[in-house]
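Heads up, the thing below is written out as structure tokens.
The values are calculated or read from the model by the stated rules, or taken from the named source; none is laboratory data. This is a predicted model, so every value here is computed, not measured. Note that each Cβ is placed from the backbone with ideal geometry, even for glycine, and that neighbours are counted across all protein chains shown.
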Amino acid sequence: MDEKYCQSCAMPMASEMYGTNTDKSTNEEYCKYCYENGEFTANISINEMIEICIPHMADANADISEDDARKMMKEFFPTLKRWKTNF
């Protein structure tokens, strides 16, 4: 089974992390932190999202520095659905 990643913040997701659509149904593309009731929870740029996510990635991975996390995200985030049209 392929691991799902939020198409906004790249967080790995299990079903309890899914966002919701306007009809309260599950949205499997975005996490509950990024997408709720059919809307993104924050109107931010890709660079702002990267800066928000850097400390979380560095904290979760002791061998990854914030600079390394930033570099990885700047390469990966433009491939995510939310950001493809913005880059």
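Structure above, values below:
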{"item": "Selected residue [at negative phi, without any contact (Cβ under 8 Å) to a residue 24 or more places away in the chain, assigned to a loop (DSSP other than H, G, I, E, B) and among the charged types (D, E, K, R)] from Asp59, Asp63", "result": "Asp63"}
{"item": "Boolean, Met11 is of a type outside the set (Ser, Thr, Tyr), within 13 Å of Phe77 (Cα to Cα) and modelled with pLDDT under 95", "result": "yes"}
{"item": "Residue within segment 27-44 that is under 25 Å from Asp2 (Cα atoms) and of a type in the set (A, V, I, L, M) present", "result": "no"}
{"item": "Pair list, Cβ under 6 Å, 6 or more apart: segment 22-41 residue among the β-branched types (Val, Ile, Thr), other residue in a strand (DSSP E or B) and surrounded by 13 or more Cβ atoms within 10 Å (Cβ to Cβ)", "result": "Thr26/Tyr18"}
{"item": "Residues satisfying the stated conditions in segment 24-41, i.e. surrounded by 14 or more Cβ atoms within 10 Å (Cβ to Cβ), part of a loop (DSSP other than H, G, I, E, B) and of a type outside the set (S, T, N, Q)", "result": "Lys32, Tyr33, Cys34"}
{"item": "Any chance Glu66 is surrounded by 12 or more Cβ atoms within 10 Å (Cβ to Cβ) and more than 17 Å from Cys6 (Cα to Cα)", "result": "yes"}
{"item": "All positions within segment 3-23 that are crowded, with 16+ Cβ neighbours inside 10 Å, among the hydrophobic types (A, V, I, L, M, F, W, C) and in a loop (DSSP other than H, G, I, E, B)", "result": "Cys6, Cys9, Ala10, Met11"}
